[in-house]
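Bear in mind these aren't lab numbers, they're just calculated from the coordinates by the rules spelled out. A quick note: this is a predicted structure, and the numbers were derived from the prediction, not measured. Quick reminder, even Gly has a Cβ in these numbers, built from the backbone with ideal geometry, and neighbours come from all protein chains shown.
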Amino acid sequence: MSRPKMPVRDWQAEVYAQHQYWIAGKPIHMAVGDGWAEVIARLFDRIEKALAGEPVPTKIALIDVKEKYGTIRVDLLAPVGPETEAAIDLAVLLAEMRSECTCDICGAPGTVRSTLGQSGWLAARCEDHSDGFPRRVVKGPPRRRIQDRRGTFDLVYDRRTDTIMETAVDGGDSR
């Protein structure tokens, strides 16, 4: 005798329902684990906040939301002004960096790990869900190195505060 199946929470439908007025077209399936539901919810909340500055109500086309190389990837088309575009870009960057340190299965703090072998798969996993992914690929907090007219900077993500700290690498300004 098998146990009766418990109803599964459809977090994707919930997120779409909450943000339907700014999403153009039909909802797409987001190919990410349930552990990243909060990452997606934060992303959508930030996009909504960014769009509040637009003079005309704007709809954004979500092209693709998926996991790739152990982190989230978001492709969208947003016909917005430069300030709103910068705010949306920051929201996407925050989601990418948070996903890198969040287990894609349960949402607990984790790290990007790899299967063994040359053609290893990558996934963001916590200790409890690391079976099959024994090798840590990323050590320390998520970071990106950028270069612009001001110089070279490291962007370091702080999971506790859900913020990015910018530090100059070669004498540029730091914020």
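Under 8 Å for C-alpha pairs, at least 6 residues apart: give me the relative contact order for segment 11-110, rounded to a whole percent.
Values: 141 pairs, mean separation 33.2, N = 100.
Relative contact order for segment 11-110 comes out at 33 percent.
Towards the positive end of the charge dipole of the chain, with charges on Cβ (+1 Lys, Arg; -1 Asp, Glu), say which of ILE146, ALA37, CYS103 has the farthest Cα.
Selected residue: CYS103.
Need the full-extension length gain, LYS49 to ARG73, defined as separation in residues times 0.36 nm minus the C-alpha distance. One decimal, nm. Intermediate results must be reported in sequence, preceding the final value.
Values: separation 24, 0.36 × 24 = 8.64 nm, distance 2.01 nm.
Net length gain for the segment: 6.6 nm.
So if I place +1 on the C-beta of Lys and Arg and -1 on the C-beta of Asp and Glu, and nothing else carries charge, what would the dipole magnitude of the chain be about its Cα centre? I want it in debye, nearest 20. List each step's numbers first, then the result.
Values: 25 positive and 26 negative charges, 97 e Å.
Dipole magnitude for the chain comes out near 460 debye.
Quick one: what Rg and Dmax do you get for segment 74-124 from the alpha carbons, in Å?
Spelled out, the Cα radius of gyration and Dmax of segment 74-124 are 15.0, 45 Å.
Which of these values of Cα Rg over 2.2 N^0.38 Å was calculated from the structure shown: [x] 3.51; [y] 1.20; [z] 1.15?
Among [x] 3.51; [y] 1.20; [z] 1.15, the one calculated here is [z].
Once you have the alpha carbon radius of gyration of segment 11-110, what is it after dividing by 2.2 N^0.38 Å, with N set to its residue count?
Values: Rg = 13.0 Å, N = 100, 2.2 N^0.38 = 12.7 Å.
Rg over 2.2 N^0.38 Å, computed on Cα atoms: 1.03.
Fewest first, what order do HIS29, HIS19 take by the number of other Cβ atoms within 10 Å? Intermediate values should be presented prior to the final figure.
Working: HIS29 9, HIS19 19.
Fewest-to-most Cβ neighbours within 10 Å comes out as HIS29, HIS19.
Identify the trypsin sites (Lys or Arg not before Pro) of segment 91-161 meeting these criteria: DSSP loop state and at most 16 other C-beta atoms within 10 Å of the C-beta. Numbers along the way, then the final one.
Details: sites: ARG98, ARG113, ARG125, ARG135, ARG136, LYS139, ARG143, ARG144, ARG145, ARG149, ARG150, ARG159, ARG160; in loops: LYS139, ARG149, ARG150, ARG159, ARG160.
Passing both the DSSP loop test and the Cβ count: LYS139, ARG149, ARG150, ARG159, ARG160.
Looking only at the chain, where both bridge partners belong to it, what percent of the DSSP beta bridges are antiparallel (to the nearest 5)?
Numbers: 26 of 28 bridges.
Of all bridge pairs located within the chain, approximately 95 percent are antiparallel.
If the reach is capped at under 19 angstrom between alpha carbons, list the aspartates and glutamates near LYS66, excluding any in the same chain fewer than eight residues apart.
The reachable aspartates and glutamates, counting only those whose Cα sits under 19 Å from LYS66, are ASP10, GLU14, ASP34, GLU38, ASP45, ASP75, ASP89, GLU96, GLU100, ASP104.
Can you tell me the FRET efficiency between CYS106 and ASP10 if r is taken as the Cβ-Cβ distance and R0 is 22 Å, rounded to the nearest 0.05? Before the final figure, lay out the partial values.
Values: r = 17 Å, r/R0 = 0.79.
Efficiency, from the Cβ-Cβ distance: 0.80.
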